[in-house]
Structures are given as structure tokens and as C-alpha cells.
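Laboratory data are not the source of any read-out in this text; all were calculated from the coordinates shown. Computed from a prediction, not measured in an experiment: that's the story for all the values here. Backbone-built Cβ (ideal geometry, glycine too); neighbour counts: all protein chains shown.
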There are 2 protein chains.
Amino acid sequence: MSEKPQGNGVEKKLPSRRIADELRAAITSGELPEGRKLESERKLAERFESARNTAREAVRLLAEEGLVDVQHGRGVFVRRKRKLLRFGSERYSKRLREQTGLSPYRAELAKQGLTPRVDCTSIERVVPPSQIAERLEVDPGQASVVRRENWYYASDDQAEYVVQVGVTYIPWLIAEGSVLATSAKMGKGSLYARFEDLGHPMARSREEITARMPSQEEVQGLKLPDGVPVIDVLHTGIDPDGVAFEVTRFVMRADFGGLDYNMPIEG
Amino acid sequence: MSEKPQGNGVEKKLPSRRIADELRAAITSGELPEGRKLESERKLAERFESARNTAREAVRLLAEEGLVDVQHGRGVFVRRKRKLLRFGSERYSKRLREQTGLSPYRAELAKQGLTPRVDCTSIERVVPPSQIAERLEVDPGQASVVRRENWYYASDDQAEYVVQVGVTYIPWLIAEGSVLATSAKMGKGSLYARFEDLGHPMARSREEITARMPSQEEVQGLKLPDGVPVIDVLHTGIDPDGVAFEVTRFVMRADFGGLDYNMPIEG
DNA sequence: AGAGCACACTGGCTTGAGCCAGTCAACTGA
DNA sequence: TCAGTTGACTGGCTCAAGCCAGTGTGCTCT
């Protein structure tokens, strides 16, 4: 051991890191603005007098950091930074719902000059996953819940992006006979107003939050660039009697979305 | 366009994916248990009749997915799955604090058979970052806050891990003269009991949550394996008068930690 | 005008070679 | 006995070359 030759004197850099560092500096300094196309791998290799694989490795590093987007056949582009959308705890507030008429998702996007779109892609009666059955206290062996899948999009002037996917599970005993079990259209006040109609206003919300790298399907479904984790939120809606009447799993792009809770401290 | 030749008939796999898929299957099936050392890159290459670089690429894919840990000079090992530690909203509850005597961090770790350690590495009077100054409503140009840095560790029978780092900022006007400004030892009831002593019980907590890939310093500091994002929580403590008396930024390993809030819906 | 093709780009992936740098155990010599 | 060296492993990184697969342009033929 003893005396590692670190940091003393001239730092001898690995070629791939040197290229990556130089490109990173150009990006963060603004010399390479957002959306700008980088030199091709072959040209980078030539400019830095290295092998194409080495330039390629440098680009991979930047992509992993989320600084650039690599597009097969087109080139490498400086990634556009996005403002974070924040989904807050007032999400479920009755007051806010009645005041604005907008869903919190639409309100948040409007604030940032983006156009929202929400698409209910399926409504089915299914056997609940065990995690869901536990929280709703329903039979895990029967088709005891309705599963509603919603996709949330945002578009700017360039393109439309998938921001998050929400899968809501509702006990069949609650949803039976109402629009919850049948229709994508929720009517005035949306989903949570319907729960109120059915005698289940939301009194408490439990939110279990983790983050992870996306699965392969999520990368495809959300069209996720490299190096972007997802935030996984398991939300449980609870009525004044302590009954869990709804569980929703949100999976959101972490580079787009965040959460913002403001809650009282109890006890 | 038209008819992409996808999925019809025999799927022709890329060599690196084939190797990765086979190893992944062996891992998820339990054939390769946690902690087991994989064949060396050179042996993999030989067994799959490919170049070492190709086997290496396969290993890289698995590491990116968080399935294996690569250790220079030692080998590639199946990563041990960890139960998620959940830090909840009762974190700041007075009742819980008085009942257990344990901090929530210690309580949570005890529940999972892990040994906690918390280390206060520095207490300084500093100029607040702008994000902090805004929330505490203090002068962003003066050394108007005390900065306390805490490192949270967990150890099992194998090793000690860094779970999260918390940096707390307290307005100098509040901390001045108390242990908050001077001592790592907080005494009975810890940090938040001291705020209570000073007339700032926590009435509300705001938690702004994002996830992202770690910076290079965070990778080193938290000794993060590949493919593990961090959860970034900006917590603001608010007293009954609406005064923000403390802001803490937590950065936690997403493979170790998660958050679990249970809050009332207001309005 | 329009459909279609050819070609020149782009990145995607593999090969096989070589050297560098940690790790660890076995050996060597004071 | 034990410190120090050696050498056989491990992964880390680079090279140069080649072929495959998307993308987009411009030309050609109808």
C-alpha cells in the first residue's frame, strides 16, 4: 500500500474520460447548447486521436449521466433539461378539485406551459397482485378488483412525452355498478369525486415511495432515455372509517417528475 | 417501414445479450445464489465462444441492472438483495419519540436486524445555498445558518454500508447559543426535542422528493454500486406559526431506502 | 409529381489482440 | 516467525478493423 500516486502532480487521464470530460465541459458551459448534435463517433475518435471504440465509450459515459441522447442512425444530441413537474399532496384535496376544475396533473402542466393528455388505456376486472390485495384487504385468489390503467402525457412544441403511468385498483364491491368499473369518462370532479359519491371520501393517503432503474418494458413504454431512474409510488386512499378503497401505483420519469408533500405532524 | 421482422420465428440474439440473458436466468432462478462469484470474463468468453469484450459487455449489462457487483481484481459477484428500509412520516412525531426512546432511524434498522450508526461529521456556520435560504427566509449573502452534516450507516454481519447522508440547515438566529450550533450530541429526544425547547415544535413538514442518478462524489461517498439511483429529499420543518426553522437535505441509496408517508387529506 | 432505389451518412455490436492495475496466496529469505 | 517478493489470477481500458442496421437525401425512372 502506502503512498498511492493519486493527485500528486499531473493527473494522467484515461483517453475515454478525457474525451468525456471535454465534451461535458462544452455542454455545461453552453458551448454545446441543448439539442445540438455532437460530432459523430468517428469524427470524435479522429479529433482526439483515439480508436472509435474509445470515443464511443466516452459517449456512453455521457449518456449514462443523462447529458446526451444517442439516436441510432441520426447522431448524438445534447439532452434538453426539463423542469421538474411536482405532484403534491394537495393532489387529492377536495377544495382544490372544486376550485380549479382542473385535475392537479393538468394544473401542474399548465403552470409550465405544457399540454397535458391523459389516456385511460384499459379497465378490467382482475385478480389483484398480492401487494394490492393486502392493502385493500380483498381476496387475493379471486377477480376481486377493477384495474384501471392511465397514461399521462405532456407535450411541448417539440414532441409528446410519457410522464407517468398510473394503475388504479378498486375493490369490485365498491366499483360494481358505478362508472368506476365501466367507463374511462369519470365526469365532473373525476375519479375521487366518484368515490365520494359512493361514500368513500379520502380522509388519509398513504404513499410508499421508492426509486429504481426502470425495467426493460418501462424503458420501452415510457420511451426513457439512458440514465433516467423511475419513481415508484404506491398510493393508498383511505376513507374516514379507515377503509382502504383504492390503491394506485404510479411509475414516473424521475427526470420529469418529483413529489412535493406538505403535511401536518401528528401526535 | 411495413412488416418489421420482429418476433416472427426464431429470435436471433446478439451474443452479448445471449450471455447476459443466460446469466440473468441463472441468477433469478437461484442457480447462482447471492454472493456467488461468477466465472471470470475470460472463462465466460471461452464458454460462450465469443470475445472477452463481448462477455465483458454482458457483465456490464447485468451490473447496470443491479444484478451483480464487479470488483476489480477479485471477480464478479451476485448482488445481495436488500430489504427496503422505509423512513416514514412518523419520523418527526413527538409521541413516537417519547415512546420508544429510539430515533426512527435506529428503530427501523433494529426491525430488520441491522446495526445502526450515525455520525455527525461537521457543524459549521455557513452561507446558505440559495435553495435553503429561500425556504428558511434568511439572508443568502451572509453566514446566516448552521450546517450540520450527518452520515447514517447500517451494518449486517458482512459489512457496514452508508445508507443516507443528511445535511441540516438551521437559521443562526435560532441555533445561536444552543447545542444545535455547537455539539454533535443532541441529548435526550435528539434534534427535534431541542427545537421544541427553543419554542419551535414541528407542526408541519414539507418534503420535496426527486430521484436521480448519483453524482460522481455521491458514488464515492456512499460507495454506491452501479445502477443504483439516489432519492433526494428536501425536508422543511415548520412550526405552528408557519415559521420554517430547519431544512434538511437527505440523499439516500434507493436500493436501501424508501419513504412511507401516511397523511391526512386536508380541505 | 411521385414512388422507389442507391448511397452516404449515423450509431450498434463483435472480434482478438495487448497492456495496465488490483488481489491474493504461495514462496523466500533474513 | 514474519516481512517482503513473486506470480497467477481478477477486472479496466484501449486499439484497429469489420460488418450490421437505422436515417435521410438526392437521383432516377415511371
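Please list, in chain and number order, the residues 5+ apart from residue B:155 or on another chain whose amide H is under 5 Å from its amide H, with Hs placed from the backbone.
Hits under the 5 Å cutoff: B:115, B:161.
Based on the Cβ-Cβ distance from residue A:80 to residue B:17, what FRET efficiency comes out when R0 is 22 Å, to the nearest 0.05?
Values: r = 30 Å, r/R0 = 1.36.
E(calc), rounded to 0.05, equals 0.15.
In nm, give the distance between the simple-model label positions of residue A:52 and residue A:266, each being 7 Å from the Cα along the Cα-to-Cβ direction.
The modelled label-to-label distance comes out at 6.2 nm.
What aspartates and glutamates sit close enough to residue A:223 to cross-link, taking a C-alpha to C-alpha distance under 14 Å and skipping anything fewer than 8 places away on the same chain?
Here the aspartates and glutamates satisfying the reach criterion relative to residue A:223 are A:69, A:160, A:255.
Over 31 Å between Cα atoms, which of A:13/B:81; A:83/B:13; A:13/A:43; A:111/B:83 qualify? Before the final figure, lay out the partial values.
Working: A:13/B:81 35 Å; A:83/B:13 38 Å; A:13/A:43 20 Å; A:111/B:83 38 Å.
Violating the 31 Å limit, Cα to Cα: A:13/B:81; A:83/B:13; A:111/B:83.
Between copies, how far does the label point of residue B:141 sit from its twins, in nm, shortest first, when each point is 7 Å from Cα along Cα→Cβ?
7.2
Going by Cα centres, region A:139-179 and region A:33-68 are how many Å apart?
When both Cα centres are located, 40 Å separates them.
Run the simple label-point estimate for residue A:215 and residue B:43 please: 7 Å along Cα→C-beta, distance reported in nm.
That separation, rounded to one decimal, is 3.2 nm.
Run through the other copies and list how far each one's label point is from that of residue A:129, in nm with one decimal, shortest first; the point sits 7 Å from Cα along Cα-Cβ.
For residue A:129, the inter-copy label distances come out at 3.2 nm.
Add -39500 (n - 2.57) for each DSSP H run of 4 or more in chain B, then divide by its residues: what number comes out at 222 nm, to the nearest 500 deg cm²/dmol?
That comes out to -7500 deg cm²/dmol.
Hey, can you grab everything whose amide H is under 5 Å from the amide H of residue B:246? Only 5+ residues off in sequence or another chain; H modelled, so Pro and N-termini drop out.
Long-range HN contacts for residue B:246: B:237.
Measure nothing but the geometry: give the 0 to 90° angle between the long axis through the Cα atoms of B:15-28 and the longest principal axis through the Cα atoms of chain B, rounded to 10°.
Between helix and principal axis, roughly 60 degrees.
Expressed in nm to one decimal, what extension gain is obtained for the pair residue B:142 and residue B:193 from 0.36 nm per residue of sequence separation less their Cα-Cα distance?
Using 0.36 nm per residue and subtracting the Cα-Cα distance, I get 15.6 nm.
Specify the inter-centroid distance of region A:220-262 and region B:113-137, based on alpha-carbon positions, in whole Å.
27 Å
May I ask for the angle, rounded to the nearest 10°, between helix A:52-65 and the longest principal axis of chain A, with both axes built from Cα atoms and the value confined to 0 to 90°?
Once rounded, one gets 40 degrees.
List, in order, the whole-Hz ³J(HN,Hα) value for each residue of region B:112-118 obtained from phi through the Karplus relation with A = 6.51, B = -1.76, C = 1.60 and θ = phi - 60°; use x for Gly and Pro.
9, x, 10, 9, x, 8, 10
Positive end of the dipole of chain B, charges at C-beta (+1 Lys, Arg; -1 Asp, Glu), about the Cα centre: which of B:234, B:55, B:138 has its Cα farthest in that direction?
B:55
List, shortest first and in nm to one decimal, how far the label point of residue A:181 (7 Å from Cα along Cα→Cβ) is from its counterparts in the other copies.
Shortest to longest, the spacings are 6.5 nm.
Rounded to the nearest 0.05, what FRET efficiency do residue A:156 and residue A:36 give with R0 = 25 Å and r taken as the Cβ-Cβ distance? Could you check?
Once the sixth-power term is evaluated, E becomes 0.90.
With only Lys, Arg, Asp and Glu charged, each at its Cβ (+1 for the first two, -1 for the last two), find how big the charge dipole of chain A is about the Cα centre; round to the nearest 20 debye.
900 debye
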